[in-house]
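Any read-out appearing in this document is the output of simple, stated calculations on the displayed coordinates, not a laboratory observation. All figures in this text were calculated on a predicted structure; none of them were measured in a lab. For neighbour counting, all protein chains shown are included, and Cβ atoms are generated from backbone atoms with ideal geometry for every residue, glycine included.
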Amino acid sequence: MIDELWDKIMGGPERRAKVEEVAETINIPSQPKVMQDINLEFIKKNVDFGRIGELISRDVGLSAKILKVANSPLFAHSSPIDSIDHALMMLGAKQFKQTILASALRQAIEGKVPASEEFWHHTESMGLICDAIARKFQPDLVEYSYMTGLFHDCAVPVLMGRSPEFKRLVPRILGRDRLVAQEEEAECEIEHGSLGLVMTRSWSIPIPIVKVVRAHHSDDFLDHDDELATRLHVILAIAENYFLYSRNFEDELFGTAARNPELFAAIDDATGWNESQVLRLTDSLDARFKIA
């Protein structure tokens, strides 16, 4: 049953076999042990934040990355955060958990391959934008939406480490180029969505998120046969377009020059969120994310 599920998600048994064969030749960043231990604490009925702080403090590298993420301009704190306890107090439990996950991902990837600050700004911004969109449209999916935004491009730096030539494709990947996957496969034998699937599966990320990571360069939201994955995919697509718009790049939803009616229609068909509802998101997002 599990094999059949992964066959379906990965595009059939032959495609799955090829992806897994190539993935075995790549040094995929694994989830840090401390993150596994922290996850076990978070699923308890009464979360012991003192215990979580103790686990974090044992890993100097993770502690430093948590403070770096917590002090990001994206959080707009009035004063620097200088300790893990201070981070918990300032961020609150949910955002503190998000910060730990983002920091663990950064630690795992940078332990294998270098990744630019531009990439991390994109990754962390996408998690927070997805979170903000979910709070407006689908509050019960806030945690999953953040994780979807955070992990959707997690394989990009890994493939940059595999092939120096892959770097030239990154602007098109981050720009939602739907045709770039073929060139990724020609360069690295695998595209970042499929490798991202393998990586998120190894991190025990929930299956609906894994599905979206695999397919996020498509706008065929209903292909998932899974309403949760469909809604996460739509939230991610809106967030990707908003991120481009916020950086003054061309997008298909928010910039007036190139709005795509087919994409608006696909979003409406999949979720019932119409064009005017999507466009009104700028009222709440611009103050936090838009570059003047």
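Treating each Cα of the chain as one equal point scatterer and applying the Debye formula with no solvent, the log10 of I(q)/I(0) at q = 0.07, 0.09, 0.15 Å⁻¹ comes out as -0.25, -0.42, -1.24. The mean sequence separation of alpha-carbon pairs under 8 Å and at least six residues apart, normalised by the residue count of segment 30-111, gives a relative contact order of 36 percent. Pick from ALA215, ALA258, ALA237: which residue has the top mean-square fluctuation in a GNM of the chain where Cα pairs under 10 Å get a spring? Largest GNM mean-square fluctuation: ALA258.
Label sites at VAL113 and GLU165, each approximated as a point 7 angstrom past Cα along Cα to Cβ, lie 1.5 nm apart. With 27 Å as the limit on Cα-Cα distance, the pairs of LYS8/LYS45; LYS18/LYS97; LYS65/LYS112 that go past it are LYS8/LYS45; LYS18/LYS97. Straight-line cross-link reach from LYS94 at under 20 Å between alpha-carbon atoms covers these aspartates and glutamates, not counting any fewer than eight positions away in the same chain: ASP37, GLU41, ASP48, GLU54, ASP82, ASP85, GLU124, ASP131, ASP140, GLU143. Pick out, in residue order, every one of the trypsin sites (Lys or Arg not before Pro) in segment 246-287 that is DSSP loop and has at most 13 other C-beta atoms within 10 Å; say none if there are none. The qualifying sites are ARG280.
Let me check against my output: what whole-number percent is the relative contact order of the chain, with C-alpha pairs under 8 Å and at least 6 apart? Kindly include the intermediate steps, with their values, before the conclusion.
Working: 322 pairs, mean separation 44.4, N = 292.
Reported as a whole number, the value is 15 percent.
How large is Rg/Rh for segment 50-110, to two decimals, with Cα atoms and a Kirkwood Rh? That ratio is 0.93, to two decimals. Packing, as the average of other Cβ atoms within 10 Å across residues, places the peptides 142-150, 238-246 in the order 142-150, 238-246, highest first.
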